[in-house]
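S.K.: First the structure, then my questions, so here it is.
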Amino acid sequence: MPDRGGGPTGPRMRVGRPSRRARTLLMTLGVLAVLGMAFTMFAGFWTNWLWYRSVHYSSVFTTTLWTKVGLFFVFGLLMAVAVGVNIWLAHRLRPPLSAMSVEQQSLDRYRMGIAPYKKWLLLSITALVGLIAGASASSQWRTWLMWVNGVSFHQKDPQFHLDVSFYAFDLPWYRFLLGFGFATVILSLIAAALTHYLYGGLRVTSPGAKATAAATGHLSVLIGIFVALKAVAYWLDRYGLAVKSSDFKATDNWTGLRYVDANAYLPAKTILFFIAVICALLFFATLWRRTWQLPVIGFGLMVLSAILIGGLYPAIVQKFQVQPNEQAKEAPYVKKNIEATRKAYDIDDAKVSDYAGTSTTKDKSTLRDDAQSAASYRLMDPNVVSPTFEQLQQVRNYYSFPSNLAVDRYKIDGKDQDTVIGLRELNLDGIPKKNWINDHFRYTHGYGVVAAKGTEADSEGRPVFTESDLPSTGQLGTYEQRVYYGEKTTTYSIVGGPQKEIDYSDDSGEKTTSYQAKSGVSLSSPLNRAAYAVAFGEPQILYSGAIGDGSRILYNRTPKERVEAVAPWLTIDGVAYPAVVDGRIQWIVDAYTTTNGYPYASRTTLGDTTTDSLTAANNQHVVAQQNQVNYIRNSVKATVDAYTGEVKLYQWDTKDPVLKTWMKAFPGTVQPKTAISSDLMSHFRYPQDLFKVQRELLTRYHVTDAQTFLSGSEVWQIPDDPTNKSGNAVPPYYLSLKMPGESSQTFSLTTSMTPNGRDNLSAFMSVNADADSADYGKITILKTPTGKTVDGPKRVQSQFQSEPSIAESIRLLRGGDSDIEYGNLLTVPLDGGLLYVEPVYVRGGDLKYPLLRKVLVTYGGNTAFEDTLDQALDKVFGTDGATTTPPDTGTTNPPTSSNPTVQQALDDAQKAFDQGQAALKKGDWEAYGKAQKDLQAALKRAEEAQDEADKGSKSGKKSSSSASPSASPSASASPSPRASAGGSG
């Protein structure tokens, strides 16, 4: 019997059993790890498929998926076969062992080492290169789809007379194929050379022949294919000159042929093509000659030719032909660039008109009347008053508004009204108690629209709301108010199950609801729950009792995120804005089709061009990609329902060939333009980011004469925003205004331009932004005289702040802990001159939100800083537009009245005003506050008494931006009590 205590058998048995357990455990852990990784990959795929199916865009998912899979396998297989066949062929052509040199005999141990694994090693190498090549090719799915579905532009380039579609759709695919061919040949050449060396076909240090005839022929053919591909590259480079970017002093990102390209590079590429073809044939000839002498000589000549013909000759042409007479040589090519760029960015119809910049009208009453109708001056700056909306209409901490509100148009009292609008969206940071149930089940949505007139403020400087409170009520009618999809909704919610949701709260307490739409993905299936638990890294999704029958998970909830997902071939505008349309809240998203292959059109970088002071200050999303493009169209208008999340894409540009190409690739995803309802159409507007791109191009390309363009004398720039010190470009502003020659106001997007390096005005640019208008998209540029100095935005802002009386008023407004905020500086053409209007807001005392306190106005060198727009306009023009205002005597006495009650109230108002001014000088804020209350009470009594005396008549001209009567004692240049009161909060 064996020794149980310490014999050799006992210990071996005790060691052996744990070893088997360890191996079993390791194998189990390995299998589980593989299964875990496989399920993680499956969860990502499965949840994507479920989401696309839930939004009814499953065709986008399948088309994209099968395109990627097809490219992966086709090109991965081609690469694997090419490399594998060349390795196999090199091994097959190996010399017999007896012929091996001493050098090769030293490699015997390597050959012996890999001999048992040759097949597996071959399969591993080919599989690895195939996987890499396939992954690289699958990323070219857009290039493939554009090539196979491309439609004609019906425009030809001026050099080769090929349709633009060749450069936009065909050339990128040919370049990919060429790059893939180079990679395949190079990898095959390296693999074949190593195999030949390992098996004796190539020698490095041994005397005699360095390669066998078989190796020479094999490698020569591969090099010949490489040179043949180089010949193809030279031929494609000829066409590439039409879309080549180069440094040129005429403009940044110049694209297209110049004189040296057409007269040196183009013939050089043609000559090099033929040289490369001859060189490739010499390499192929080694199959018969078995020598590299001629191919090597030919290859050397090709390299020398590339240096001399492709490099030195163009430099000589540039130096001795172009530079001495550059303008004459380059002018024809600059003309082509100007025409192509203006077409590519849809600015070829931009109308440039001369504009005097100063008015010659002497009748001040006429000017005052014209100023009243020239524009709907937006005093509620949507980029300033968001905190005011939040403070007055947030209602609950778990709601919030975007930092930049939207500007839209609604019919209020039967008239189109420029409206500042925002949604009361969900803010999870403000919920009373944060936990998984509250974050994802109970607090799931925002509630209601808040809107205010853009042209008015009430007597306290607050917005005049046309839709407000919770639930929202007002003049927008009845609509579904719940906001499940919004710009601030960035996390997932699980709705429709046993857990009730917080709907909203009122005086009677919290109201609950349960989601009724079919949006999102059902979690009734255990597989779906497991997949989302893995995809979101939240195991509670798998076992939580809060999920039951009817539960649905909502995610990808921001409008831009949803549009980007269902249309990955579109470039999305940086701003989505809400609108109440046909009884529902719809997010409207502008989307663009772009290409980088429009011949001769200069390029622009979207991310840089669409950045301005607002996007920089608020870290706001701009056109996301930093990619360069040289063609852009606002070809698609998209909507996202705030309740259901339903995404609809509408064809907006019916002529855009890029959109037509994508519609062929993804049929049924884009609805025709005729499907847009009239209500929805009324809320479409010209997109800001497209306008920013176009205005940047028009700083140079407003010039159509090549000589002027080359001289650079008419180059403009986008001025920095004068209302802040960010150093970023002034943003464009939506504004209803009447351009010269027009009879009525049109909803427009406007901007100003200044000369390069100076602050005076060069031009005012406007585009018709009203989608209902026949002139939608019409760009008008008013160009001021070059020899005359017309104040630009920065100089106007400086004048505002340098006026002694204004500076003193601003100092008083800043009294205590108050802050001044300047609103949008609006520029309005008026009778040959330019009227500037800027609202001024005050954050004062305990009020941590801005209120409109003053309005700055300047025209023709006259500046006013008054409580209301009407008062400022009256002062600037010296008249109220109806009757001539008596000359200002410098006193602050209010007008007299035949009504004794009114007169007494006005006397009391004057007394209160005088007391307030005295208290202001002493810094007695308590007395000053009391005086303001007395003043408001007296003015109210005066107004009521006058209304009672004159039934149905007007008691005085009402201000468009204040509810105070025109009899306010602030008609002089002195700061008014109400405006100064803003300084104390």
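Values quoted throughout were computed directly from the atomic coordinates according to the rules given, and no laboratory measurement underlies them. Not measured: the values here are computed from a predicted model. Virtual Cβ from ideal backbone geometry, glycine too; neighbours counted across all protein chains shown.
S.K.: Please list 30-43, 365-378 highest first by mean number of surrounding beta-carbon atoms within 10 Å per residue. Don't skip to the answer; put the middle values down first.
M.R.: Values: 30-43: 11.6, 365-378: 19.9.
Answer by packing, highest mean first, reads 365-378, 30-43.
S.K.: Along the Cα→Cβ direction, 7 angstrom out, place labels at PHE45 and LEU308. What is the inter-label distance in nm?
M.R.: If labels sit at PHE45 and LEU308, their model points lie 5.8 nm apart.
S.K.: Using the structure shown, list the pairs from LYS335/LYS778; LYS68/LYS664; LYS156/LYS351; LYS637/LYS673; LYS364/LYS794; LYS794/LYS875 with a Cα-Cα distance above 19 Å, or answer none. Could you put the intermediate results ahead of the total?
M.R.: Values: LYS335/LYS778 23 Å; LYS68/LYS664 17 Å; LYS156/LYS351 25 Å; LYS637/LYS673 9 Å; LYS364/LYS794 26 Å; LYS794/LYS875 22 Å.
Pairs exceeding the cut-off: LYS335/LYS778; LYS156/LYS351; LYS364/LYS794; LYS794/LYS875.
S.K.: Further, regarding this structure: Based on the Cβ-Cβ distance of ILE132 and GLN155, what FRET efficiency does E = 1/(1 + (r/R0)^6) give at R0 = 56 Å, to the nearest 0.05?
M.R.: Working: r = 39 Å, r/R0 = 0.69.
Once the sixth-power term is evaluated, E becomes 0.90.
S.K.: So, one more: Shape call for region 316-402 from the C-alpha gyration tensor, a ≥ b ≥ c root eigenvalues: rounded (a/c under 1.5), prolate (a/b greater than b/c) or oblate?
M.R.: Values: a/c = 4.12, a/b = 1.72, b/c = 2.40.
Judged from the Cα gyration tensor, region 316-402 comes out oblate (a/c at least 1.5, b/c at or above a/b).
S.K.: Stretched out fully, how many nm does the piece from ALA328 to LEU32 gain, at 0.36 nm a residue minus the Cα gap?
M.R.: Values: separation 296, 0.36 × 296 = 106.56 nm, distance 7.42 nm.
Gain on extension, ALA328 to LEU32, equals 99.1 nm.
S.K.: Tell me, TYR313, TYR447 in order of fewest to most beta-carbon neighbours within 10 Å? Present the calculation step by step, with values, prior to reporting the outcome.
M.R.: Working: TYR313 19, TYR447 24.
Lowest to highest Cβ neighbour count: TYR313, TYR447.
S.K.: Starting from the Cα-Cα distance between GLU742 and VAL148, subtract it from 0.36 nm times their residue separation and give me the gain in nm to one decimal.
M.R.: Numbers: separation 594, 0.36 × 594 = 213.84 nm, distance 4.68 nm.
Additional length available on full extension: 209.2 nm.
S.K.: Turning to a different aspect of this structure: Does region 581-729 classify as rounded, prolate or oblate by the C-alpha gyration tensor (a ≥ b ≥ c root eigenvalues; a/c under 1.5 gives rounded; else a/b over b/c gives prolate, otherwise oblate)? Working shown, then result.
M.R.: Working: a/c = 2.32, a/b = 1.45, b/c = 1.60.
Note, shape of region 581-729 comes out oblate.
S.K.: Then there is this: Run down the aspartates and glutamates and flag those whose C-alpha is under 13 Å from the C-alpha of LYS911, throwing out any fewer than 8 positions away in its chain.
M.R.: Within the straight-line limit of under 13 Å, LYS911 reaches these aspartates and glutamates: ASP934.
S.K.: What is the distance, in nm, between label points placed 7 Å from the Cα along the Cα-to-Cβ direction at GLU460 and at ILE190?
M.R.: Simple spin-label model gives 7.4 nm for this pair.
S.K.: TYR776 to SER798: extension gain in nm, 0.36 nm per residue of separation minus the Cα-Cα distance? Before the final figure, lay out each step's value.
M.R.: Working: separation 22, 0.36 × 22 = 7.92 nm, distance 3.47 nm.
Separation in residues times 0.36 nm, less the Cα-Cα distance, equals 4.4 nm.
S.K.: Can you sort GLU838, GLU467 from fewest to most other Cβ atoms within 10 Å of each residue's own Cβ?
M.R.: Numbers: GLU838 26, GLU467 22.
With the sparsest Cβ surroundings first, the list reads GLU467, GLU838.
S.K.: How would region 633-698 be classified by its alpha-carbon gyration tensor: rounded, prolate or oblate, with rounded meaning a/c under 1.5 and the a/b versus b/c comparison settling the rest? Don't skip to the answer; put the middle values down first.
M.R.: Numbers: a/c = 1.92, a/b = 1.21, b/c = 1.59.
It is oblate, given that a/c is not under 1.5 and a/b is not larger than b/c.
S.K.: ALA22 to THR491: FRET efficiency via 1/(1 + (r/R0)^6), r the Cβ-Cβ distance, R0 51 Å, to the nearest 0.05? Please report the intermediate quantities before stating the final value.
M.R.: Details: r = 44 Å, r/R0 = 0.86.
Rounded to the nearest 0.05, the efficiency is 0.70.
S.K.: Something else now. Quick query: amide H of LEU830 versus all other amide H atoms, modeled in the peptide plane; which residues come in under 5 Å with a sequence gap of 5 or more or a different chain?
M.R.: Close amide H contacts, sequence-distant or interchain: LEU835.
S.K.: Excluding residues on the same chain fewer than 8 positions from LYS500, give the lysines whose Cα lies under 17 Å from its Cα.
M.R.: LYS433, LYS434, LYS511, LYS518
S.K.: On to the next question. For LYS673 and LYS911, FRET efficiency with R0 = 60 Å and r from the beta-carbon atoms, rounded to 0.05?
M.R.: Approximately 0.40, to the nearest 0.05.
S.K.: Quick check on region 558-684: of the DSSP beta bridges with both residues there, what percent are antiparallel, nearest 5%?
M.R.: Within region 558-684, antiparallel bridges account for around 90 percent of the total.
S.K.: For VAL837, VAL670, VAL352, what's the fewest-to-most ordering of other Cβ within 10 Å of each Cβ?
M.R.: Values: VAL837 25, VAL670 22, VAL352 16.
Ranked by crowding around the Cβ, least crowded first: VAL352, VAL670, VAL837.
S.K.: Next question. Note down the nm distance, to one decimal, between modelled labels 7 Å out along Cα→Cβ at HIS91 and at ASP348.
M.R.: The two pseudo-label positions are separated by 6.0 nm.
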